[in-house]
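Inspection log for the structure reproduced underneath, given as C-alpha cells.
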Amino acid sequence: MLGAKKMDNSRSCHILGVRIDDVTFEETIATIQNYIQTGGFHQIVTVNPEFVMAAQTNEEFRDTINHSDLSLPDGIGIWWASRRMGTPVRQRVPGVDLVWRLAQLAHESGCRIFLLGAMPGVAERAAGKMTRAFPCAQFVGTFSGSPHSDQAEDILARVHAARPHILLVAFGAPTQDLWIARYAGQLAVPVCVGVGGSFDYIAGEQPMAPPFLRKVGLEWMFRLLTQPWRWRRMLALPRFAWQVLWSKRCD
C-alpha cells in the first residue's frame, strides 16, 4: 500500500511539468482507505490532457496538482504521453469509474460520502443511482452549491454537519481543484476529490461512451459527437499531443 502522503518520485512521472502518479486502481483505493484511517486532509486530482494544458498557463492550478496527495492518470492521452516520455504509468484511473468504486468502498466499509457540485438535482440523482447499486453506501449529503466565495460558509457548514470521510467536488476543472485547495484547512474531511462531470454521467444527464470505445480510450470522440459544444475545449488535445512530441524530440 502507498503511504499517507505524496508518492515518491520513483512512482511518478512529469508530463509538461505536471506530476502524474503511477498507481493502479487497486492501489488508489487502498491509498484512499489509508487516508481515511490516518485522518488529516488529502487532496486527489484526476488529471487528463485538458488539465495539463490548462496548467501551462495557470501556475496556481499547476502547483495545486503538483502538491496534491495523489495525482491520478485519467484519460488515454495521459497514458499515451507517459509512454512517449519514457515513464509509462501502468493503468488509467478514470474519474467516473473512481466515483463508482468509491460508492462500492462505502458499501463495503461504511465510510461516508458527500457529493458537492453539478446542476441542482444532479448529485441527488447520482447518489440515488449509486445507492441502488450499493445499498449500504452512505451518501450523507448532496448539494449543488457554487464555488463563489459567498457560498463557502454555507457549504462548509453543510459538510461539517454531515461529517463525510470523502468529499467529491464537481465544479469542473480547474475551479473544483482550486476550491478544494483554498478551503483545505477548513473542510475537516480526510479525502477530497475533484470529479468534473462524473455526477452528470452517473445520473444519466450525459450519455456514457459505449464500453468498446471506453476500452480503447476513445471516450473523447464520443463526447465530441454527443456534446459538440465542447469542440473548443477539445482543441487542447492536439495541442497536448504536439507539445508532448516536441518535448520528447528536444530531450
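A compact table of results
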{"quantity": "All positions within the range 93-114 that are over 11 Å from Met130 (Cα atoms) and under 12 Å from the mean Cα position of the chain (by Cα)", "calculated": "Val93, Pro94, Gly95, Val96, Asp97, Leu98"}
{"quantity": "3 or more residues more than 19 Å from Thr87 (Cβ to Cβ): qualifying strands (runs of 3 or more DSSP E) within the range 9-68", "calculated": "42-47"}
{"quantity": "Close pairs from the range 237-251: first under 14 Å from Val52 (Cβ atoms), partner at pLDDT below 85 and part of a helix (DSSP H, G or I), Cβ under 9 Å, at least 6 apart", "calculated": "Leu237/Trp220"}
{"quantity": "Leu72 being touching a residue at least 40 places away in the same chain (Cβ under 8 Å) and assigned to a helix (DSSP H, G or I)", "calculated": "no"}
{"quantity": "Failed criterion for Gly77 (all others in (1) in contact with a Pro (Cβ under 6 Å, 6 or more places away or on another chain); (2) free of Cβ contacts under 8 Å to residues at least 12 places away in the same chain; (3) not hydrophobic (A, V, I, L, M, F, W, C) hold)", "calculated": "(2)"}
{"quantity": "Qualifying positions in the range 71-125 - in contact with a Ser or Thr (Cβ under 6 Å, 6 or more places away or on another chain) and under 20 Å from Arg163 (Cα atoms)", "calculated": "Val99, Leu115, Ala123, Glu124"}
{"quantity": "Residue within the range 144-155 that is of a type in the set (A, V, I, L, M), within 20 Å of Ile32 (Cα to Cα) and crowded, with 18+ Cβ neighbours inside 10 Å present", "calculated": "no"}
{"quantity": "Options Met7, Met1; residue that is at pLDDT below 95 and in contact with a strand residue (DSSP E or B) (Cβ under 8 Å, 6 or more places away or on another chain)", "calculated": "Met7"}
{"quantity": "Residue in the range 120-131 that is assigned to a loop (DSSP other than H, G, I, E, B) and in contact with a helix residue (DSSP H, G or I) (Cβ under 6 Å, 6 or more places away or on another chain) present", "calculated": "no"}
{"quantity": "Top-ranked residue of the range 156-176 - restricted to ones that are touching a residue at least 40 places away in the same chain (Cβ under 8 Å) and of a type in the set (A, V, I, L, M), ranked as surrounded by the most Cβ atoms within 10 Å (Cβ to Cβ)", "calculated": "Leu168"}
{"quantity": "Any hit, the range 18-27, residues being aliphatic (A, V, I, L, M), modelled with pLDDT under 95 and farther than 25 Å from Gln186 by Cα", "calculated": "no"}
{"quantity": "Residue identified as in contact with a Leu (Cβ under 6 Å, 6 or more places away or on another chain), among the aromatic types (Phe, Trp, Tyr) and free of Cβ contacts under 8 Å to residues at least 60 places away in the same chain among Phe134, Phe139, Phe143, Phe114", "calculated": "Phe143"}
{"quantity": "Conditions (1) surrounded by 19 or more Cβ atoms within 10 Å (Cβ to Cβ); (2) among the charged types (D, E, K, R); (3) not in a helix (DSSP H, G or I); number of the one not met by Arg90", "calculated": "(1)"}
{"quantity": "Single residue of Arg92, Arg112, Arg84 found to be modelled with pLDDT of 95 or more and at negative phi", "calculated": "Arg112"}
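The values are calculated or read from the model by the stated rules, or taken from the named source; none is laboratory data. Keep in mind the model is a prediction, meaning the values are calculated, not measured. A quick note on method: Cβ atoms are made from the backbone with ideal geometry, for glycine too, and the neighbour counts reach across all protein chains shown.
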